[in-house]
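Chemist: I'd like to ask you about the structure that follows.
The values are calculated or read from the model by the stated rules, or taken from the named source; none is laboratory data. Model, not experiment: these values are computed from the prediction. Here the Cβ positions follow ideal geometry from the backbone for every residue, glycine too, while neighbour counts run over all protein chains shown.
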Amino acid sequence: MQDQELDFGGRMLHRSKRKRVVIVDDSRSIRRWLRGVFEEDPRLIVVGEASCALTARQVIRDTDPNVVTLDIDMPGMNGLEFLVKLMTLRPMPVVMISATTHQNSEATITALTAGAIDCIVKPTIVPGPKGRRDMCRRVFSAACSKVITPPGITGRLPASSLPIGGDHQMPLVLIGASTGGVNAIEHVLAGLDADGPPVVIVQHMPGAFLVSFSQLLNRNLAQNVGIARAGEVLHPGQVRLAPAQGRHTEILCKDRQWICRFSKQDDLSRHCPSVDVLFKSAAQYGRDIIAVILTGLGRDGAEGLLQLHAGGARTIGQDRQSCVIYGMPRAAFELGAVDLQLPPEKIGGAVNRAIAAHAEAQRIGERQE
């Protein structure tokens with residue numbers, strides 16, 4: 001019985017079925033602490049440690065892990081440089097472990113665009129049981145995920161001649177994503193018309209990383225990308241990411257204008273910001289909404305997308321084949337909330353077509369009046 005453990009459902013789990021973890025961090029105390037956290041979870045087993053990239057290469061060859069946790073700051077080759085080499089020579093699931101300094105946040109977002117599955121903030125104080133379980137859940141999910149090596153952002157569609165404004169109600173695009181969402185969001189936004197309707201996004205990510213992510217998108221895309229502000233009126237060509245500051249981002253339509261507003265975090269939402277809260281806030285405007293749910297663990301956004309769908313919104317889910325983790329899109333699809341499933345590089349075009357269909361429906365409505 002020594003080679004068996006109980007999983008969280010009370011079933012016997014053979015050691016050979018546990019996900020194999022390698023920890024790469026230059027701090028011995030951090031490595032020891034992470035080993036203790038991961039080995040609290042019967043689904044994980046730490047099979048190796050490394051203090052630098054040179055050692056890590058050999059440890060990975062020797063242990064063949066399912067997932068690697070990787071620090072940003074290391075002597076010699078840093079974590080980002082090592083990640084790029086790893087994803088080129090031996091692609092595998094990687095979870096970045098990073099402090100929330102500005103420099104590390106920039107590097108972590110770059111790592112996510114280079115193929116890392118997730119990022120975990122290096123704690124400044126020892127987390128409690130809930131925090132440790134969340135770390136284990138994310139590492140286990142990464143170990144089970146699909147490795148997708150991103151080609152980077154390519155060309156954009158030309159600006160649309162679609163009339164927006166005037167007597168028409170401008171549509172609004174809503175996007176929800178979690179694990180693996182950084183690359184998926186880039187692909188979707190790159191396919192949208194640069195002067196198209198505004199976009200509001202919930203991406204599960206610590207606040208400092210969201211700021212860096214928004215800055216990266218703003219540099220790489222034709223749209224104006226930033227963090228949403230309370231009371232901000234949204235305009236064509238804008239992309240706004242919901243901040244992670246203990247508040248949910250919601251949508252209000254007033255005098256034919258879309259406005260961002262914040263609400264306090266509630267005890268019912270596992271995530272803050274929550275995709276469900278964003279989607280549900282816009283359900284009453286369903287006929288003017290195009291909503292997209294992308295790769296991610298869990299089911300945040302599924303119920304909200306169902307409410308939007310029932311209200312007449314056009315809804316799109318990322319397909320199983322292209323998802324890093326087919327969790328949120330799957331939950332929404334199984335509820336019947338998804339009209340169409342596509343890979344991210346095709347979602348932008350589908351959104352553009354939905355925008356054109358929205359404008360045509362409004363023109364037809366006006367002629368009938």
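Chemist: Go through the stretch 60-76 and report how many residues are free of Cβ contacts under 8 Å to residues at least 40 places away in the same chain and crowded, with 18+ Cβ neighbours inside 10 Å. I'd like the intermediate steps shown before the answer.
Modeler: Within the stretch 60-76, the first condition is being free of Cβ contacts under 8 Å to residues at least 40 places away in the same chain, and the residues that meet it are 60-62, 72, 76.
Cutting the leftovers down to crowded, with 18+ Cβ neighbours inside 10 Å gives us 60, 72.
Total meeting the criteria: 2.
Chemist: Among the residues of the stretch 20-30, count how many are at pLDDT below 95 and among the basic types (Lys, Arg).
Modeler: So the answer is 1.
Chemist: Can you pull out every residue in the stretch 191-214 that is crowded, with 22+ Cβ neighbours inside 10 Å and either assigned to a strand (DSSP E or B) or of a type in the set (A, V, I, L, M, F, W, C) (or both)?
Modeler: LEU192, VAL199, VAL200, ILE201, VAL202, GLN203, MET205, PHE209, LEU210, PHE213
Chemist: Can we say ARG219 is assigned by TED's automatic domain parsing to the domain that holds TYR326, farther than 19 Å from THR108 by Cα and not hydrophobic (A, V, I, L, M, F, W, C)? It would help to see each step written out before you state the result.
Modeler: Values: assigned by TED's automatic domain parsing to the domain that holds TYR326: yes; farther than 19 Å from THR108 by Cα: no; not hydrophobic (A, V, I, L, M, F, W, C): yes.
For ARG219, the condition - assigned by TED's automatic domain parsing to the domain that holds TYR326, farther than 19 Å from THR108 by Cα and not hydrophobic (A, V, I, L, M, F, W, C) - is not met.
Chemist: Looking at the stretch 70-123, which of its residues are polar (S, T, N, Q), out of contact with any Asp or Glu (no Cβ under 8 Å at 6 or more places or on another chain) and outside any helix (DSSP H, G or I)? Show your work before the answer.
Modeler: Within the stretch 70-123, the subset polar (S, T, N, Q) is 78, 88, 98, 100-101, 103-105, 108, 110, 113.
Of the ones still in play, those that are also out of contact with any Asp or Glu (no Cβ under 8 Å at 6 or more places or on another chain) are 78, 88, 100-101, 103, 105, 108, 110.
Correct list: ASN78, THR100, THR101.
Chemist: Search the stretch 112-125 for residues that are under 17 Å from PHE82 (Cβ atoms) and acidic (Asp, Glu) and pair each with any residue that is surrounded by fewer than 18 Cβ atoms within 10 Å (Cβ to Cβ) and at pLDDT below 90 when their beta-carbon atoms are under 7 Å apart and the residues are at least 6 apart or on different chains.
Modeler: Within 7 Å, no pair qualifies.
Chemist: A follow-up question, please. For the stretch 288-298, how many residues meet the condition of being surrounded by fewer than 24 Cβ atoms within 10 Å (Cβ to Cβ) and either modelled with pLDDT of 95 or more or touching a strand residue (DSSP E or B) at 6+ places or on another chain (Cβ under 6 Å) (or both)?
Modeler: So in the stretch 288-298, the residues surrounded by fewer than 24 Cβ atoms within 10 Å (Cβ to Cβ) come out as 288, 297-298.
Imposing the further condition that a residue be either modelled with pLDDT of 95 or more or touching a strand residue (DSSP E or B) at 6+ places or on another chain (Cβ under 6 Å) (or both) reduces the set to 288.
The number of residues fulfilling the criteria is 1.
Chemist: Oh, and also: Return the residues of the stretch 329-350 that are among the hydrophobic types (A, V, I, L, M, F, W, C), over 15 Å from LEU174 (Cα atoms) and buried (at least 18 other Cβ atoms within 10 Å of the Cβ); say none if nothing qualifies.
Modeler: Residues satisfying the conditions are ALA331, PHE333, LEU342.
Chemist: Related question: Restricting the search to the stretch 267-304, which residues are free of Cβ contacts under 8 Å to residues at least 12 places away in the same chain and either touching a His at 6+ places or on another chain (Cβ under 8 Å) or closer than 17 Å to HIS204 by Cβ (or both)? Break it down stepwise before answering.
Modeler: Filtering the stretch 267-304 for residues free of Cβ contacts under 8 Å to residues at least 12 places away in the same chain gives 267-268.
Within the stretch 267-304, just LEU268 meets the criteria.
Chemist: Can you confirm whether the stretch 325-335 contains a residue that is outside any helix (DSSP H, G or I), in contact with an Asp or Glu (Cβ under 8 Å, 6 or more places away or on another chain) and under 14 Å from VAL275 (Cβ atoms)?
Modeler: yes
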